[in-house]
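The values are calculated or read from the model by the stated rules, or taken from the named source; none is laboratory data. Not measured: the values here are computed from a predicted model. Neighbour counts run over all protein chains shown; Cβ positions are idealised from the backbone, glycine included.
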């Protein structure tokens, strides 16, 4: 019962996680910011969730900025692909 | 025009010799699928022939080819993510109960992020990528698009033909699943 009231006034955890995701990518509206703040102040799980997805988000952003280690492929495979490409360019 | 075209295919043939391996390695990293990666590399060179007249000598050929390849990768994910939806019944939601509360078994556990090098840890990134690849293809694609493109959500939603709130929901679902998978494979050993 208590939970239900909280959700009517504030947010469910399901909703809160959606706002947490949105917050990673864009600015929340004033109303959303207040809702999330209130929710996080009475919920112990969602703040933990938020901390962890921030880590994941950061790793993903960093990972994109960096060049992957160059893989080395067997020469025959590279040559086969090169031949296929050159063939398709001729057409 | 014809001689220009000839010129282009000659140059690009040299580029094929020089850059195929690097492009392939990049494409595999981004799409995690060898066959698809090869097709994307081939498409990249074909597009390079078509738009050779746009190539300006002031950038490196490899940089130019990589930017074409990146667009091909984005196109691929865009096709996969178009009209993406979330489909499950609320009572089957693995993370939240019918009130929208965390299900006990799905509650995040504290992570021991003791190492300050976690973000540089290759093993962690590997697990993260493995977890992402377990996502349903349209969700993975939506997530990749968000992180590959330096675009805001609004533009991506227009490309995909979905509403913004739908888009955040999908990214959130994808994140919930990836987070749980990372926790299981990295932190709980």
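Brief remarks follow.
- Residues located in segment A:16-37, provided they are within 22 Å of residue B:143 (Cα to Cα) and surrounded by fewer than 19 Cβ atoms within 10 Å (Cβ to Cβ): A:23, A:25, A:26, A:27, A:28
- Among the residues making up segment B:18-47, a single one is more than 21 Å from residue A:68 (Cβ to Cβ) and within 10 Å of chain A (Cβ to nearest Cβ): B:46.
- Filtering segment A:49-76 to residues that are assigned to a helix (DSSP H, G or I), within 9 Å of another protein chain (Cβ to nearest Cβ) and loosely packed, with under 15 Cβ neighbours inside 10 Å leaves A:51, A:58, A:61, A:62, A:64.
- Selected residue (criterion: farthest from residue A:44 (Cα to Cα)) from residues of segment B:57-93 that are surrounded by fewer than 17 Cβ atoms within 10 Å (Cβ to Cβ), within 12 Å of chain A (Cβ to nearest Cβ) and in contact (Cβ under 8 Å) with a residue 12 or more places away in the chain: B:62
- Residue satisfying condition, being out of contact with any strand residue (DSSP E or B) (no Cβ under 8 Å at 6 or more places or on another chain), in a helix (DSSP H, G or I) and modelled with pLDDT of 95 or more, within set B:41, B:49: B:41
- Any hit, segment B:127-142, residues being within 12 Å of chain A (Cβ to nearest Cβ), over 26 Å from residue B:105 (Cα atoms), modelled with pLDDT of 85 or more and part of a helix (DSSP H, G or I): yes
- Close pairs (8 angstrom Cβ cut-off, 6 or more residues apart or separate chains): under 12 Å from residue B:183 (Cβ atoms) and more than 7 Å from chain A (Cβ to nearest Cβ) in segment B:98-121, part of a loop (DSSP other than H, G, I, E, B) and modelled with pLDDT under 80 anywhere: B:109/B:188
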